[in-house]
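The values are calculated or read from the model by the stated rules, or taken from the named source; none is laboratory data. A quick note: this is a predicted structure, and the numbers were derived from the prediction, not measured. In this analysis, Cβ positions are derived from the backbone assuming ideal geometry, glycine residues included, and neighbour counts consider all displayed protein chains. Each accessible area value is taken on the protein alone, full model and side chains, heavy atoms only, with ligands, DNA and RNA left out. Shrake-Rupley method; radii C 1.70, N 1.55, O 1.52, S 1.80 Å.
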Amino acid sequence: MSDRGRAGRLGKRIGEIVATAIEHEIKDPRLEFVTITDSRITPDLRLATLYYTVRGVTLDDEPDLDAAADALATARGRLRTMVGKQTGVKFTPELTFVLDSVPDAARHMEELLAKARAQDEEVRRVAEGARPAGDEDPYRRDEREGPTEDDDR
């Protein structure tokens, strides 16, 4: 078992190696729009999990997630060899690729926030000219009494 600091550094290094290899060395066109977003490694340094996202050719196009997953599975052995050569660890960790769900969750949160803002704006617009249903000052006071201490606050 290694310490957490070493595992964190090694995980980060593995992510950098794989991202660079996908960008410059692996010539699979299905990996053109794949981005490695995070990498983690188990404390025993045996399994590295790499999180990735895939974008479409244009912003409006849906990404081809299945093709990207197949391409990563095909390139896994070659990427593991590169990781082993560049890290110099005794045992090269197995590489596992997981589609990163953070961008989808962030997009969903943005949609919810936009909906909440629209509802707040509607409430503000409706309340703009509203008046109280009863008296302006709903607290009963005896007209014979003078101002109370609370009135000064």
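Some observations on this one:
- Largest to smallest in accessible area, the residues Lys12, Lys90 fall in the order Lys90, Lys12 (1.4 Å probe, all protein chains included).
- Net charge over other residues, Cβ less than 14 angstrom from the Cβ of Glu111 (K, R count +1; D, E count -1): +1
- Among Ala106, Ala130, Ala114, the residue with the largest mean-square fluctuation in a Gaussian network model of the chain, with springs joining Cα atoms closer than 10 Å, is Ala130.
- For P(r) over Cα pairs in 5 Å bins from 0, in percent, calculated from these coordinates, the label among [x] 2, 9, 18, 22, 22, 15, 8, 4, 1; [y] 2, 8, 16, 18, 16, 11, 7, 6, 5, 4, 4, 2, 1, 0; [z] 1, 8, 13, 14, 10, 8, 7, 5, 4, 4, 3, 4, 5, 5, 4, 3, 2, 1, 0: [z]
- In straight-distance terms, cross-link reach from Lys12 covers every one of the lysines whose alpha-carbon lies under 30 Å from its own, apart from those fewer than eight places away in the same chain; here that gives Lys27, Lys85, Lys90.
- Springs between Cα atoms under 10 Å define the GNM used for the chain, and in it the highest mean-square fluctuation of Glu111, Glu94, Glu32 occurs at Glu111.
- Sparsely packed chymotrypsin sites (Phe, Trp or Tyr not before Pro) within the stretch 32-122, loop by DSSP, other Cβ within 10 Å at most 13: Phe91
- Positive dipole terminus of the chain, leading residue within Gly11, Ala127, Pro138 (C-beta point charges): Gly11
- The mean sequence separation of alpha-carbon pairs under 8 Å and at least six residues apart, normalised by the residue count of the chain, gives a relative contact order of 20 percent.
- If R0 is taken as 35 Å, the Cβ-Cβ distance between Asp3 and Gln86 corresponds to a FRET efficiency of 0.95.
- Taking only the alpha carbons of the stretch 1-71, we obtain Rg and Dmax values of 14.1, 46 Å in that order.
- Crossing angle, helix 65-87 versus the chain [Cα axis fit, 0-90 degrees, rounded to tens]: 60
- Close amide H contacts of Asp100 (hydrogens built in the peptide plane, cut-off under 5 Å, sequence separation of 5 or more or a different chain): Tyr52, Thr53.
- Total charge dipole magnitude, the stretch 1-55, about the Cα centre, Cβ charges on Lys, Arg, Asp, Glu only, Debye to nearest 20: 200
- A probe of 1.4 angstrom, applied to the heavy atoms of all protein chains, finds Leu99 with accessible area near 80 square angstrom.
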